[in-house]
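The values are calculated or read from the model by the stated rules, or taken from the named source; none is laboratory data. From a predicted model like this one, the values you see are computed outputs, not experimental measurements. No Cβ is skipped: glycine too gets one built from the backbone with ideal geometry, and neighbour counts run over all protein chains shown. In case anyone asks, the SASA skips ligands and DNA or RNA and just uses the protein heavy atoms, side chains included. Shrake-Rupley method; radii C 1.70, N 1.55, O 1.52, S 1.80 Å.
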Amino acid sequence: MSETLAVGSRPGAAAGLPAAGAALTVLGAISLGHLLNDMLQSLLPAVYPVLKASYGLSFAQIGAISLMYQLTASVLQPVIGHVTDRRPAPLGLPFGMAVTFVGMLLLASAGHYWVVLAAASLVGLGSAIFHPESSRVARLASGGRHGMAQSIFQVGGNTGAALGPLLAAFVVAPDGQRALAWCALAALPGIALLGYVARWFRAQVHVAAKVGGAAVAALPRGRVAGAMAVLLVLMLSKFFYLASMNNYYTFYLMHRFGLPVQHAQYALFVFMASSAAGTLAGGAIGDRIGRKRVIWVSILGVLPLSLVLPYLGLAATIACTVPIGFLLASAFPAIVVYAQELMPGRVGTVSGLMFGLAFGLGGIGAALLGVLADATSITLVYKLCAFLPALGLLAGLLPDTRARGAAAAGQPRP
């Protein structure tokens, strides 16, 4: 299926709706589905303090749970994306949510550590199925504004990730691990919503198959490989630092400032909410000024803030995480669309690879940082991670895809 064609061919026309109205409805629906999916998945790290207390786990064992979840997602996402580039799978959207639902129910009833690991793997599998096709849907419904559409899609996920700690604080923390079963019920309306999106998606597949595809100019293979290598290093910087926040920020606040679990989860929500705002801004700004500039500023701009964070008081620490979350999150929509522009016509593969790397690097980072925290201290983890955003300097090596796109279209560079 040609993504270039589908974007230019009136999304929604085949479904019998006005193109703009259908696209907006589908973008809203896929974003809401992403919210529900990632809200459930974010419950896993949010309940780490509960699991740690229940099973007497070390930080390394906590990191292993995160690794099982995120490696399952990271390894399978590009594979699923590659397969669906050749044969789109609209029903993968509600099926992925159903797998997450089963994983959450298993986590709620787990009585042993190995069952928790199995449940985390199932939640990761649900993510691997959901993300490549949902990212493709966002691009299909973009009307050409790929960055904005990717932001709308991703802000749903970030908002859901921000709501996870609140659910953990208000539902799971008071009633324990078994309360996760009540949270899992949120997947049921998500399955129905994604069933609607799947029907729209199937119609677009038929339209694209009838009309055929348009050629898109690409960079030479060597430059694409070099740019992807730079993106990998930038994502390592971003997601290793995010692993320290998403998985250990609550422990850091509890250790350094003596906060109770519930209050530490409120602070995690503040960070997650700022990340959601940054996600929404990043794609739209990238459409206007170019993805490369957004990637550069969003990662390197965190450096002065990350360096001072470990030396601040409680109020200043929480305040400092707001711009950190905003800036770091603004990079990912730009990175995903930039990679799609590097490899036109392979949206599923690229989306699966980018989301897979996000999960995989986050999982590896969580595991390594957990081992480091056990061996030293959680405070030292934040002092060392503070230097990771300096890798943002490498963004200067990325080619400018805006210039390539304008030349291919016979237009002046914007």
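Before moving on, here are some points about what is shown:
- Complete set of residues in segment 218-233 that are free of Cβ contacts under 8 Å to residues at least 24 places away in the same chain and either within 12 Å of Leu398 (Cα to Cα) or acidic (Asp, Glu) (or both): Ala225, Ala229
- Comparison of Leu312, Leu307 shows that the only residue that is among the hydrophobic types (A, V, I, L, M, F, W, C), in contact (Cβ under 8 Å) with a residue 60 or more places away in the chain and surrounded by fewer than 23 Cβ atoms within 10 Å (Cβ to Cβ) is Leu307.
- Within segment 38-48, at least one residue is closer than 14 Å to Tyr248 by Cβ and in contact with a Gly (Cβ under 7 Å, 6 or more places away or on another chain).
- Gly126 vs. criteria at negative phi, in contact with a His (Cβ under 8 Å, 6 or more places away or on another chain) and of a type outside the set (D, E, K, R): no
- Test result for Ala161, in contact with an Asp or Glu (Cβ under 9 Å, 6 or more places away or on another chain) and modelled with pLDDT under 80: yes
- If you go through segment 86-112 and keep only what is open to solvent by less than 50 Å² (accessible area, probe 1.4 Å), over 19 Å from Leu194 (Cα atoms) and not in a loop (DSSP other than H, G, I, E, B), you end up with Leu107, Ala108.
- Answer residue from segment 105-130, given it is under 23 Å from Leu353 (Cα atoms) and not hydrophobic (A, V, I, L, M, F, W, C) and is nearest to the chain's Cα centre (by Cα) among those: Ser127
- Scanning segment 53-79 for residues that are in a helix (DSSP H, G or I) and over 19 Å from Leu236 (Cα atoms) gives Ala53, Ser54, Tyr55, Phe59, Ala60, Gln61, Ile62, Ile65, Val79.
- Within segment 6-23, at least one residue is of a type in the set (S, T, N, Q), at pLDDT below 85, open to solvent by 20 Å² or more (accessible area, probe 1.4 Å) and not in a helix (DSSP H, G or I).
- Counting only helices (runs of 4 or more DSSP H) that sit wholly inside segment 277-389, those with at least 1 residues that are touching a Ser or Thr at 6+ places or on another chain (Cβ under 6 Å) and among the small types (Gly, Ala, Ser) are 291-300, 314-342, 347-375.
- Flag for Ser274 being open to solvent by less than 20 Å² (accessible area, probe 1.4 Å), of a type outside the set (D, E, K, R) and under 18 Å from Leu393 (Cα atoms): no
- Test result for Ser237, crowded, with 16+ Cβ neighbours inside 10 Å and closer than 28 Å to Val171 by Cα: no
- Conditions (1) modelled with pLDDT of 85 or more; (2) under 25 Å from the mean Cα position of the chain (by Cα); (3) of a type outside the set (Ser, Thr, Tyr); number of the one not met by Gly56: (2)
- For the residues Val123, Val115, Val137, the requirement of being assigned to a helix (DSSP H, G or I), without any contact (Cβ under 8 Å) to a residue 12 or more places away in the chain and open to solvent by less than 40 Å² (accessible area, probe 1.4 Å) singles out Val115.
- Members of segment 241-266 that are within 19 Å of Ala386 (Cβ to Cβ) and surrounded by fewer than 20 Cβ atoms within 10 Å (Cβ to Cβ): His255, Arg256, Phe257
- Any hit, segment 233-248, residues being at positive phi and either among the acidic types (Asp, Glu) or out of contact with any strand residue (DSSP E or B) (no Cβ under 8 Å at 6 or more places or on another chain) (or both): no
- Of the criteria (1) modelled with pLDDT of 85 or more; (2) closer than 27 Å to Ala264 by Cα, which one Tyr338 fails: (2)
- Filtered residue count, segment 140-166, keeping only those that are in a helix (DSSP H, G or I) and either open to solvent by less than 10 Å² (accessible area, probe 1.4 Å) or under 19 Å from Ser74 (Cβ atoms) (or both): 15
- Candidates Val350, Val371: the one that is more than 20 Å from Cys320 (Cβ to Cβ), surrounded by fewer than 23 Cβ atoms within 10 Å (Cβ to Cβ), modelled with pLDDT of 75 or more and β-branched (Val, Ile, Thr) is Val371.
- Segment 204-259, residues that are under 30 Å from Leu163 (Cα atoms), modelled with pLDDT under 90 and more than 27 Å from the chain's Cα centre (by Cα): none
- Val308 being touching a Cys at 6+ places or on another chain (Cβ under 9 Å), at pLDDT 90 or above and over 30 Å from Ala64 (Cβ atoms): yes
- Pairs, first crowded, with 23+ Cβ neighbours inside 10 Å in segment 55-67, second of a type in the set (S, T, N, Q), C-beta under 8 Å, six or more apart: Ile62/Asn247; Gly63/Asn247; Ser66/Asn247
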